[in-house]
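What follows draws every value from the coordinates through simple rules; no lab data is involved. On a predicted model such as this, the values are computed, not experimentally measured, just so you know. Positions of Cβ are backbone-derived with ideal geometry, glycine not excepted, and every protein chain shown enters the neighbour counts.
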Amino acid sequence: MPHLTTYLGLADHSEKTLAESLRAVADGHARVADVFHTCRMLADWSQANREALAPVVERYGEADVEEPERLHAAGLAGAREGEVGLLRDLQDLHVLATLVQTTWTVIAQGAQGLRDPELLEISQHAGAQTSRQLTWLTTRIKVAAPQALIVAP
Amino acid sequence: MQFYHRTEGALMTDRIADIFGTRTPHAKGTVWPARVDQHLDPGVEEEAVDSWVQSACLLCSNGCGLDIAVKDGRMVGVRGRATDVVNHGRLGPKGLYGSTRWASADDRLTRPLVREGDRLVETDWDTAMGRIVERSKALLEEKGPLSHGFYTSGQLFLEEYYTLAVIGKAGLGTPHMDGNTRLCTATSAAAFKESFGADGQPGSYTDIEHCDALFLFGHNMPETQSVLWARILDRTRGDDPPRVVCVDPRRTLVALEAERTGGVHLAPRVGTNLALMNGLTRELFVNGWVDQDWVDAHTIGVDDLRSTVEPCTPEHVAEICGVDADDVRRAARIFGESDGVLSTVLQGFYQSHQATAASVAVHNLHLLRGMIGRPGAGVLQMNGQPTAQNNRECGADGDLPGFRNWDNESHVKELADAWDVDVMTVPHWAPPTHAMQIFSYAETGSIGLLWISATNPAVSMPESARIRKILGGDQCFVVVQDLFLTETAELADVVLPAAGWGEKAGCYTNVNRTVHLSEKAVEPPGEARSDLDIFLAYADAMGFTNRSGEPLIGWRSPEEAFDAWAAVTAGRPVDYTGLSYAKLRGPTGIPWPVNDEHPDGTDRLYADAVFPTDTDYCETYGHDLATGGTVTETEHRAMAPAGRAFLKGAAYTPPHEEPSAEFPLRYTTGRTVYHFHTRTKTGRSRDLDQAAPDAWVELSPADAHERGIEEGDWVRVTSPRGAIEVRARVGNVMDGAVFAPFHYGHWEPGSAPGGSHADADRRLANELTMTVWDPVSKQPAFKTAACQVTRVRAGDGPSPAPTTAASAPSPDHDFPLSRRPRATAGGGPTSSTEPAATPHYPLDPALDSSEGGR
Ligand code: SF4
């Protein structure tokens, strides 16, 4: 099952990237208290997803991610400045989280086919958590947008 | 009108020493007896009073009905209204001693002030309003309406909130409106919306007379609503009393009553409320105390809730919260085995970590047991400030008027039609901007005009040093309207003198949905104007018009404003259509909804177990309790709630700031019974000021001992954000916890700023608190910060903390003679009279079941 292991690697890797990026945004916008605390909490969720997946990765064996290389989204190296910068950072996180979410969808489909209830549960739970991350990002983007676009200095 | 007659030698009491007055105990299911409390200024005889003017107390959310005594054009005292359903004639120390004194204080603002360089100078109204309008128009031109922010209070009248809401939403079109209500009551509203689909207090005070158990969650009621606590004491000291369960990290009077009635005192570590709630919820499931049929018929989400709380065994909870596992079991058993439980919730939950989730968990307990909507089984999510409820209803806090859903296009259109403006004008593209965010925008200058009415954020908001910098900076033009030159007003660019309570007419609604009319008793001083008149003057000067080219605000008087408000509540849960000034001039306040179906008002909501959750009717589609992410309309519709309540759970997470080696203690803030907010009014009453003249900090005997601190020593309390230096009370907090009252800024009654107390510039409790808020309600977490306490120098007597309530000295500490606290006393004489016959209280369920209710 070379492609399944590839996708397991992709899930692990993209959750790691998302977690790191969430932390970078948290630190970069530490003065925006809700962004700071929520992004850190969401980073912990991504980390928890990786930990839940670890035993399955062990079971199926790891694969070097070759083919879906181009799916890799680059993480955020650092945060941007100001209200417009925050908006852009949240959008980047949304792109990353979308990749994570579709990755879990793919894995859940594979788990169905394999009749692997453990992997199915892990991927469904992880996918649900990613949806919650996306919901918060969308909500926060909507809140930030008008002020950032129209009046921010 | 006089329902009672004075008996010879009415009881005279010092209500500073005796906060609750004498008991009038009564049995379960009977009407709470009436007792009329009265206080007149020294030297004023009752016979000499010229008139008594109908009103209700404005010093806490209880809203006790009272009459104002007027003599020679001045307010000289108050008397409780025996016929009012809220208080049955009683008043507490704040109401008695604090209602009227401030009005004739010689430092009232009487003329507008404008900033000239670093000074505020007196001017006339035209000049002051001219400056505001000039700035307002320039900003609109340059940046549009998002450059305007409004920060109101929990003390304006509903006519004023509604008028401002229309100005902000339909005149300017800004989403940046919030109030001090965000700090005191936002979680109450948010929790209702999440569970029941809309704001609205389900329970009633009459539930006190019928319950078998009372749960007070983070609610130090004796300190915050003393008359309501007196009502409870009259049950716990009467026949067939309820058991009390107290959830509070301090050993408050509630905790003592819990011990006395065979209930439980649970003292969870600060910041761990949700873990405790999840433990209690789990006990209901595992012991079969869930009313499964009721839950199936009237709720959704029970399976998710069960699995969320599954890991929270009493032992697990005990470890997180630092409570005894058996106490958790005992408390849950009381909840699970009582026929009627009344729960009340306040700041210990609202201003703490995971505020909305913990408050929603209280609803869950009631829903699981089917205990809502009948006498004795209910929930009272309390409010802090007296008119906070109206801010929520009228939408000056950012919500849409009438509990409408900003995410529901047809709700927004109803308002746009009522106001005759384009629907695009009304900001509804995102959740309203909350207070902390408004101040952040003001910090960067993104909001260039911030208008603050009747509140004092320089003292009351977290990280107060930052707030003062924002208000004092050049990046934002600040308008303040208030009674006095508060710490906030000192920093403003324009200060407008406002008329206060008794100097203007208007209505407000207490925490129990009871609407009162407060009549104008006296003229305001100098050129002071009512907040309503100020808002109207601004609207006139700005020339706001509707689509027909008529003035946007079509009313002039408070009564016209009230009628306009009542009209937009039609068909909504908060229905005022059956109310009018004429109707409110009767013997008692009236609880909404009042309409054709309920012409005399409504004692409790949800008697039919139908909740306002229908997708087209609800005030919100809901939120993720952990993140605050919003549920979409489509997702909500898919759940088909159709009148069923939501059971929503969340897992406990540790607070944002945990104790460390450097800051090993947990810091929490709160109130004393003798003061309201930042003492603007209560500090100007000698009786109240002397009862609690200066700040203090409470430590447990063990923590004090470890640090070499004795009662009355000067100590320094430090958090990562700031420090205060005040005197120490060796008191009733649990080990590891530190409590400080938040009322004390640098203003000092009867003296120059920074005057008579050595700590006046170093005692502001909010210097230490964090800028962090609940993800759903956006209420700041005043009660979870880490701190350290160190001794600075010896004191020369006991600390100034009152001995009468939760700040009482520890019974476990051996106080040296020179530091032994002196009993708090010294209030002027007040009279208490029991009427010959109990008045008739409309809607009181005890009337159905008891003889002699009338
Ligand atoms: S309980 Fe509240 S409303 Fe009643 S008198 Fe006291 S302060 Fe006023």
Quick one: angle between helix A:117-150 and the longest Cα principal axis of chain A, in degrees between 0 and 90, rounded to 10, please. 20
For the protein assembly as shown, give the share of DSSP beta bridges that are antiparallel, in percent and rounded to the nearest 5; count only bridges with both residues there. 55
Compute and list, largest first, the equivalent-ellipsoid semi-axes of the protein assembly as shown from the alpha carbon gyration tensor, each √(5λ) rounded to a whole angstrom. 43, 33, 30
For segment B:777-845, run through the trypsin sites (Lys or Arg not before Pro) and keep only the ones in DSSP coil with at most 12 other Cβ atoms within 10 Å of their Cβ. B:R822
In terms of modelled amide H atoms, which long-range or inter-chain residues lie less than 5 Å from the amide H of B:G601? B:N595
Whole-number percent relative contact order across segment A:24-153, with pairs defined as alpha carbons under 8 Å at least 6 apart: 28
If each of B:D18 and B:A642 carries a label point 7 Å out from its Cα toward its Cβ, how far apart are those two points in nm? 5.8
Where in segment B:568-671 are there trypsin sites (Lys or Arg not before Pro) that are in a DSSP coil and have at most 10 other Cβ atoms within 10 angstrom of their Cβ? B:R585
For chain B, projected area of the alpha-carbon convex hull averaged over all directions, nm²: 32.2
Pairs of alpha-carbon atoms within less than 8 angstrom and 6+ residues apart define the contacts here; what relative contact order does chain B have, in percent? 21
Helix A:82-114 axis, angle to chain A major axis (alpha carbon atoms, nearest 10°): 10
Over segment B:665-819, what relative contact order in percent results from Cα pairs under 8 Å that are six or more residues apart? 33
How far apart, in nanometres, would the label points at A:A48 and B:T127 be if each is projected 7 angstrom from Cα along the Cα-to-Cβ direction? 6.1
Given H placed 1.01 Å from N in the peptide plane, which residues other than close sequence neighbours of B:C787 have an amide H under 5 Å from its amide H? B:L665, B:R666, B:Y667
Kindly work out what percent of the DSSP beta bridges joining two residues of segment B:186-382 are antiparallel, to the nearest 5. 5
Ordering B:794-803, B:504-513, B:593-602 by per-residue average of other C-beta atoms within 10 angstrom, highest first, gives B:504-513, B:794-803, B:593-602
Past 32 Å, Cα to Cα, is the threshold; run B:K169/B:K469; B:K94/B:K137; B:K648/B:K681; B:K413/B:K583; B:K520/B:K783 against it and keep the listed order. B:K94/B:K137; B:K648/B:K681; B:K520/B:K783
Tail beyond 21 Å, pair distance distribution of segment A:2-150 (Cα, percent): 43
Ignore the peptide's own chain and count Cβ atoms of other chains within 10 Å of each Cβ in A:137-145; give me the average, rounded. 4
Using only helices, what value at 222 nm comes out for chain B when you add -39,500 (n - 2.57) per DSSP H run of length 4 or more and divide by the total residues, to the nearest 500 deg cm²/dmol? -7500 deg cm²/dmol
Considering only DSSP beta bridges where both residues belong to segment B:691-847, give the percentage that are antiparallel (nearest 5). 75
Please list, in chain and number order, the residues 5+ apart from B:V792 or on another chain whose amide H is under 5 Å from its amide H, with Hs placed from the backbone. B:W714, B:V715, B:R716
Between segment B:342-418 and segment A:118-151, the Cα center-to-center distance that results, in Å: 26
Starting at the first residue of segment B:681-698, write each ³J(HN,Hα) from the Karplus equation 6.51 cos²θ - 1.76 cosθ + 1.60 with θ = phi - 60°, in whole Hz, x for Gly and Pro. 9, 5, x, 8, 9, 4, 4, 6, 4, 6, 6, 9, x, 8, 5, 7, 9, 9
Once phi for every residue in segment B:334-340 is put through the Karplus expression 6.51 cos²θ - 1.76 cosθ + 1.60 (θ = phi - 60°), the whole-Hz ³J(HN,Hα) values, with Gly and Pro written as x, are 4, 5, x, 10, 7, 6, x
How well do other chains shield peptide B:628-634, expressed as the mean number of their Cβ atoms within 10 Å of each residue Cβ? 4
Rg followed by Dmax, in Å, when segment B:112-205 is reduced to its Cα trace: 17.7, 52
Inter-centroid distance (Cα atoms) of segment B:437-473 relative to segment B:548-583, Å: 32
When the Cα centres of segment B:776-804 and segment B:55-71 are compared, how far apart do they sit, in Å? 31
